[in-house]
Amino acid sequence: MVNSWMMLSFGILFGCVLWSALADGVHQYHHVEEVKAAMLRKLALTEAPHLIKRDLENAVVPARVRNKYVSMLKLYKDKERKRRALPSLAGILRGVPGNSDTRGDILYSDPARQTLVFDMKGLIPENSEVTMAELKLFKKSVHKGELPPRRHSRPVNNARVSVHWVKTLPDGSNRTSLIDSRLVPILDFGWKMFDVTQAVHYWQNTKEIAMYLEVWIEAERPGRHAAELARFVSFTSQDPADQELAKPELVLYTLNFSEYGAAGDCSGSRTRRSGSCCRQEYFINFRELAWTQYWIIEPPGYQAFHCVGSCKQPQWPFDYGERSCAAVESASLPVMYLVKKGDYTEIEVAEFPNMITEKCGCTMDNISMI
């Protein structure tokens, strides 16, 4: 009798867990379909372009397209930094004991490229979220007298430094994705910070222990003189024979879900217990979706978030309709993608609206009632 009761209880528990997983899967499917519809609506398309792997492999990104994407990515990251710098969140981050940081190793180095690897094992505590991640590179000093004489009236003061996340494909080849890019003064020296939060989020969706990054050093603008000056920008340990100690560092800022929770997010223990409307993490991987893997060039994926939970319903005599948990604030995402035009393809860049859920609330007939 006891065994039968235990079997029945286990069956009920398993059924509840299975139903919850199925319901969550259906919700995520609908969310992906909403993203797909929004992207097609932006491009005035009825269906996703039919592209093959060869289209993506043969694609060459023109400099003007890449520069446009870099500019849009910079604006996007500036908005992200402002959001993370809110007083309440900044206070929480400073209060987290033991923020993780680690030194990286250099796998390859030349005057224009540097490949870094970070051992991520055990860096991110359980039941926590990586809110922000920074790559620290120490730039060496340069004496003005070492620089070649200026050949034109327009001076060149900077070089462009870009950080890329590196994903190893099943066939052994690598695919890089642009994470952050900024202008670095040629005569400046000291620590330079790059926002690599997105790279860490990408890495978390893989089963790899190590995270690989590439640092690209390029001219600020076209021209031989700018290219010559860019070669004077170097970071500690960029040269394999470099003996200086200031190696690349990765600094992680985390929030502990058991102690802290950002307002409105499904992270606080009170929100989880109540099951009330909140914003939940949901990563959309463009590399794994059949309709985007050969269409979207950058980014390889992003943290979209989605709204889950229940809402209190108004009681008589104020019963005007059912309230549901939905996005009440959203943000756009810069995307680089392929366009099929007859027998050839082109690369374009656009900002797709309503791709990231910023805030969730209870709505009724499209009227926010947070």
For region 328-341, 3J(HN,Hα) per residue [Karplus equation, 6.51 cos²θ - 1.76 cosθ + 1.60, θ = phi - 60°, Hz, x = Gly/Pro]: 10, 9, 9, 10, 8, 9, x, 9, 9, 9, 8, 10, 7, 10
Residue-level accessible surface for TRP165, protein heavy atoms, 1.4 Å, Å²: 20
Estimated inter-spin distance, SER324 and ASN205, nm [label 7 Å along Cα→Cβ]: 2.5
Lysines whose Cα lies under 23 Å from that of LYS359, excluding same-chain neighbours fewer than 8 positions away: LYS36, LYS42, LYS74, LYS77, LYS79, LYS82, LYS312
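Work out, step by step, the length gained on full extension between PHE189 and LEU75: first 0.36 nm times the residue separation, then minus their alpha carbon distance; give nm to one decimal. Don't skip to the answer; put the middle values down first.
Values: separation 114, 0.36 × 114 = 41.04 nm, distance 2.50 nm.
Stretched out fully, the PHE189 to LEU75 stretch lengthens by 38.5 nm.
Rank GLU129, GLU322 by accessible area, highest first, at a 1.4 Å probe radius?
Working: GLU129 40, GLU322 145 Å².
Order by accessible area, largest first: GLU322, GLU129.
Would you mind getting me the FRET efficiency between ALA44 and THR168? Use the beta-carbon distance for r and R0 = 35 Å, nearest 0.05. Mind dumping the intermediate values first?
On the way: r = 36 Å, r/R0 = 1.04.
Result of the calculation: an efficiency of 0.45.
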For SER310, distant residues with modelled amide H under 5 Å away: SER276, CYS277
Rounded, prolate or oblate (a/c below 1.5 giving rounded, otherwise prolate when a/b exceeds b/c) for region 103-223 by Cα gyration tensor: prolate
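The values are calculated or read from the model by the stated rules, or taken from the named source; none is laboratory data. Just so it is clear, the model here is predicted, and its values are computed rather than measured. In this analysis, Cβ positions are derived from the backbone assuming ideal geometry, glycine residues included, and neighbour counts consider all displayed protein chains. SASA here: full protein model, heavy atoms, side chains in, ligands and nucleic acids out. Shrake-Rupley method; radii C 1.70, N 1.55, O 1.52, S 1.80 Å.
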